[in-house]
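In what follows, a single structure is set out as structure tokens and then discussed.
The values are calculated or read from the model by the stated rules, or taken from the named source; none is laboratory data. Keep in mind that this is a model prediction, so the values were computed, not measured. For neighbour counting, all protein chains shown are included, and Cβ atoms are generated from backbone atoms with ideal geometry for every residue, glycine included. Note: areas computed on protein heavy atoms with side chains; ligands, DNA, RNA excluded. Shrake-Rupley method; radii C 1.70, N 1.55, O 1.52, S 1.80 Å.
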Amino acid sequence: MGHLWYLNVYSGTPFTWVRARAILYPTQLTLSWIAPGGGRGGVTLDLVSCTEVRNIPSPSHSTAQNDIGSITAREQSAARGSENLVELLCPFQLTYGDGVERLAAESAGERVRWVGAIR
């Protein structure tokens with residue numbers, strides 16, 4: 001159990017990174033958060049169907065300039081004027097047959113722990 005950032009692409013555009021409470025179970029990762037404007041948001045990621053878990057470049061890395069997670073982090077940081085998500089996020093992704101889910105830890109060490117635990 002801990003916290004992860006989740007790239008929420010299901011609540012319409014613009015996409016947003018949300019800081020979520022994360023609970024890892026043997027076959028799923030459950031994320032929950034307080035939604036902007038109130039209420040709760042959440043998602044459960046199926047780990048059985050996940051084909052790969054891997055690190056991806058941070059938003060500040062030159063190879064990530066066109067990555068949707070990096071673009072969202074830059075736009076969200078500029079709009080909020082507070083947390084610099086470009087410098088904070090250490091992203092990784094879960095790959096499925098039909099797409100990917102993007103997550104991020106707040107440090108490289110945390111990312112290593114989460115990726116290792118999910119694998």
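Residue-by-condition table, conditions (1) within 14 Å of LEU94 (Cβ to Cβ); (2) in contact (Cβ under 8 Å) with a residue 40 or more places away in the chain; (3) among the aliphatic types (A, V, I, L, M):
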site: TYR6; (1), (2), (3): yes, yes, no
site: SER11; (1), (2), (3): no, no, no
site: PRO26; (1), (2), (3): no, no, no
site: LEU29; (1), (2), (3): yes, yes, yes
site: SER32; (1), (2), (3): no, no, no
site: ALA35; (1), (2), (3): no, no, yes
site: THR44; (1), (2), (3): yes, no, no
Can you name the condition, by its number, that VAL112 falls short on among (1) in a helix (DSSP H, G or I); (2) over 14 Å from SER58 (Cα atoms)?
-> (2)
Scan the stretch 89-119 for residues that are touching a strand residue (DSSP E or B) at 6+ places or on another chain (Cβ under 6 Å), farther than 16 Å from GLY2 by Cβ, open to solvent by 50 Å² or more (accessible area, probe 1.4 Å) and not β-branched (Val, Ile, Thr) and jot them down.
-> ARG119
Residues in the stretch 20-62 that are among the aliphatic types (A, V, I, L, M) and surrounded by fewer than 12 Cβ atoms within 10 Å (Cβ to Cβ): how many?
-> 1
If you scan the stretch 67-98, which residues turn out to be on the phi > 0 side of the Ramachandran plot and under 14 Å from the mean Cα position of the chain (by Cα)?
-> none
Which number in (1) surrounded by fewer than 19 Cβ atoms within 10 Å (Cβ to Cβ); (2) assigned to a strand (DSSP E or B) marks the one condition that VAL86 misses?
-> (2)
